Amino acid sequence: MISRQKPLLKLALLMLTAGTISLIGWHGSIVGLAAIPLFVGLWSASGGKAQAFFISLAYFATVDRGLIKGAGVFFADQTQAATYSLPWGLAIWLLPPLVLSGVWAACWAEKHVAWRAILATGICAVPPVGLIGWGSPLTAAGSWFPGAGFLGLILLCLVLGLIAEVPHAEKARRTHSLTSIAGLMVIAMLANLIAPGKPQAPIGWIGVNTRIGKSDDFYAMTTLQGKVGEQVSKGTKVVVLPETVGGNWDRNDIHWQFLSEAMQQRKQSALIGALSRTPAGTWQNTIVGIGALTGTRLVERVPVPISMWRPWDSENHIEANWLGSGVDTVGSNRVVSLVCYEQLLIWPALISASHHPDTLIAIMNGWWAKDTSIPAIQQMATQSWARLFNWKLVMAVNS
């Protein structure tokens, strides 16, 4: 009986530790994010594929814990966070972790475990699995190696491989792996000492947070215009508003023309999250410019599957462009936009980075995620990308 209980006790302890690491890493702190690679060591220490699955499940299910409430609110179409659909919340919370854990379990083996850890990380970072690939250890690259860019990603993969190797290596090899990890930690500390700190917006730019909930009615629009007008009076060069707060831009554009013309005369601008129809009749989640940036249009590449990307629903489907760069020239800046869900994924940021932007615009509409862990996690992931690639950062969040 005791011999049977030992594997179960070991699994329970590993799952508990994986969940704890996930809580520490994904609670909204760049410093805490640095702990995420330790998950790979726990996965590696599994006694088999089944244990690897449950350890991974404990990690990923803790990462997206906010979806139990948040997804329920969203899919129940409720604006009050106190009322939500528990079945929807549980389904959206559990299904992605089950898929991600399945990948990590399939990749587990005692031999070549370092390469297998990197393989699992890679599979979960790119489509199709990467469409739900939040919680990736790669997100920690900006915490470990700020300013290092793609080299930082390579170094973090080396960290993951070395950590995965420790539980299975012989004594001499284990000592070598631990020494190498210590050396990389020293490099990481030096990188953080050299890094400029929290990413800042370009001079004259500002992101404005709003609290208009799901509404895009006339009252919400006048509230937004008031906030933009306030920044214009302060001499702000570019004002950035959150995702979709502009509502249906084909309908609402005309209500912004007077303010746009006034801003254009003063060479000031606003970038507004809004929904726009394409010539084909489908929707795009966009960032549109007014004032001096009239005509600017940045498009979200990866809308949320099921809730936004719905190819079976011609009326409410929002287009995706999974391999788009997301990079455009805005004024004198080379800008990349990461809209809401894109901030949690891996490949959109990496594709954008290959086009050498210098400024990141990150907008989100989190009315449905109020009082959950989701907004803090998104802001932390966004800051990590900006730190890794040394981007200026402008953020705007609606709640």
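Values quoted throughout were computed directly from the atomic coordinates according to the rules given, and no laboratory measurement underlies them. Keep in mind that what you see is a predicted model, and the values were worked out from it rather than measured. Cβ placement follows ideal geometry from the backbone for every residue including glycine, while neighbour counts extend to all protein chains displayed.
Straight-line cross-link partners of Lys111 among the aspartates and glutamates, defined as a Cα under 20 Å from its Cα and at least 8 positions apart when in the same chain: Glu165, Glu170.
Here Val126 and Arg266 are evaluated by their C-beta separation; at R0 = 51 Å the FRET efficiency comes out at 0.70.
Relative to the longest principal axis of the Cα atoms of the chain, the long axis of helix 113-123 makes an angle of roughly 20 degrees.
Using mean Cβ contacts within 10 Å as the protection proxy, how do 13-25, 179-191 order, highest first? Don't skip to the end; give the middle numbers.
Working: 13-25: 18.9, 179-191: 14.0.
The most tightly packed comes first, giving 13-25, 179-191.
Under 1.5 on a/c is rounded, so check that first for the stretch 236-313, then, if it is not, pick prolate when a/b is larger than b/c and oblate when it is not; a ≥ b ≥ c are the square roots of the alpha carbon gyration tensor eigenvalues. Taking the square roots of the gyration eigenvalues as a ≥ b ≥ c, the stretch 236-313 is prolate. For the chain, the longest principal axis of the C-alpha atoms and the axis of helix 2-25 are separated by about 30°. Note on Lys6: lysines with a C-alpha under 19 Å away, same-chain residues under 8 apart excluded, are Lys49.
Note the angle between two axes, namely the Cα long axis of helix 86-107 and the longest principal axis of the Cα atoms of the chain, as a number of degrees from 0 to 90, rounded to the nearest 10. The helix 86-107 is inclined about 50 degrees to the chain.
So what is the calculated 222 nm ellipticity per residue for the chain, using -39500 (n - 2.57) for each DSSP H run with n of 4 or more, over all residues, to the nearest 500 deg cm²/dmol? Before the final figure, lay out the partial values.
Working: 15 runs with 189 residues, N = 399.
Value at 222 nm, helices only: -15000 deg cm²/dmol.
With the crude spin-label approximation of a point 7 Å out along Cα→Cβ, what separation in nm comes out for Ser29 versus Ile203? Calculated label separation equals 3.5 nm. Of Lys214/Lys267; Lys227/Lys370; Lys267/Lys392, which sit over 29 Å apart, Cα to Cα? The pairs that break the limit, which is 29 Å between Cα atoms, are Lys214/Lys267. The label point for Thr278 and the one for Leu86, both projected 7 Å from the Cα toward the Cβ, are 4.0 nm apart.
Approximating the spin labels as points 7 Å out from Cα along Cα→Cβ, the Arg251-to-Ile306 distance works out to 2.7 nm. Neighbour counts of C-beta atoms inside 10 Å place Tyr341, Tyr219 in the sequence Tyr219, Tyr341, starting with the fewest. On the basis of the beta-carbon distance and an R0 of 35 Å, Ala12 and Glu170 show a calculated FRET efficiency of 0.80. Among the listed options (1) 89, 51, 38; (2) 82, 62, 52; (3) 75, 47, 34, the one matching Cα extents along the principal axes in Å as calculated from these coordinates is (3).
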